[in-house]
Amino acid sequence: MSPSKRKFMQTLIKKGSVAQDNWTLLQEATGPEILEVIQGKDLIVPMKFWNLYKTDIEHYSGNITVWLDSHEFIDEIKDHLHSFPLIALNFPVFADGRPYTAARELRQNLNFCGEIRAIGDVLRDQIFYMSQCGFDSFLLRYDQDLDSCIRALKDFKTNYQGTVPEPNPLFRRR
């Protein structure tokens, strides 16, 4: 791929390597008519869209899942949680850490076993910590170096505190 095309494309890292993204992130839509235009694609829709058009979504020919903004709460989808193969959590800006908490809650408290995807302002510096909170895929911001981001998953060998992959803190592992 030419560098000019890569310049504006986002890359998906899943399970530690580059993956083909079969999901289309529906950023904005005015209404359910978009579901008629994009028939058969797997869509990640904003939670607001999902809440407003559940009836239309039931008749859609592809898979649909949700993405939550950092100000939205998992409780709003708790009853449907295990019907989603993927839940995307949006980082609107680098400094907003609320999706870390949401990912950890999904994994540890709600036993969500599907894919948890980081979207939005996903930078290399965050990837290791995201993985420790339960994220297993990362839709990188277009300007991030792919190889560096993959290496970021192994930035540290151990954590002092408990994490989703290793719930016991270091002092309990000795």
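The values are calculated or read from the model by the stated rules, or taken from the named source; none is laboratory data. All figures in this text were calculated on a predicted structure; none of them were measured in a lab. Every residue, glycine among them, receives a Cβ derived from its backbone with ideal geometry; neighbour counts consider all protein chains shown. Accessible surface is based on the protein model in full, side chains and every heavy atom, while ligands, DNA and RNA are left aside. Shrake-Rupley method; radii C 1.70, N 1.55, O 1.52, S 1.80 Å.
Here are a few things to note about the model shown:
Conditions (1) out of contact with any Asp or Glu (no Cβ under 8 Å at 6 or more places or on another chain); (2) modelled with pLDDT of 95 or more; (3) hydroxyl-bearing (Ser, Thr, Tyr); (4) part of a helix (DSSP H, G or I), marked per residue:
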residue: LEU106; (1), (2), (3), (4): yes, yes, no, yes
residue: ILE116; (1), (2), (3), (4): no, yes, no, no
residue: ILE119; (1), (2), (3), (4): yes, yes, no, no
residue: LYS157; (1), (2), (3), (4): yes, no, no, no
residue: TYR160; (1), (2), (3), (4): yes, no, yes, no
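- When the residues of the stretch 1-21 are filtered to those that are open to solvent by 100 Å² or more (accessible area, probe 1.4 Å) and under 23 Å from GLU115 (Cβ atoms), the one that is modelled with the lowest pLDDT is LYS15.
- All conditions but one from (1) open to solvent by 90 Å² or more (accessible area, probe 1.4 Å); (2) among the β-branched types (Val, Ile, Thr); (3) in contact (Cβ under 8 Å) with a residue 12 or more places away in the chain apply to VAL37; the one that does not is (3).
- Taking helices (runs of 4 or more DSSP H) as the structural unit, no element lying wholly within the stretch 11-73 holds at least 1 residues that are closer than 24 Å to ALA95 by Cα and of a type in the set (Val, Ile, Thr).
- Sole residue being under 17 Å from the mean Cα position of the chain (by Cα) and either of a type outside the set (Gly, Ala, Ser) or over 22 Å from VAL18 (Cα atoms) (or both), chosen from GLN144, GLN161: GLN144
- Pairs with Cβ under 9 Å, 6+ apart, first in the stretch 107-136 and open to solvent by 40 Å² or more (accessible area, probe 1.4 Å), second polar (S, T, N, Q) and assigned to a helix (DSSP H, G or I): ARG124/SER148
- Subset of the stretch 138-163 that is open to solvent by 40 Å² or more (accessible area, probe 1.4 Å) and of a type in the set (Val, Ile, Thr) - its residue that is nearest to ASN109 (Cα to Cα): THR158
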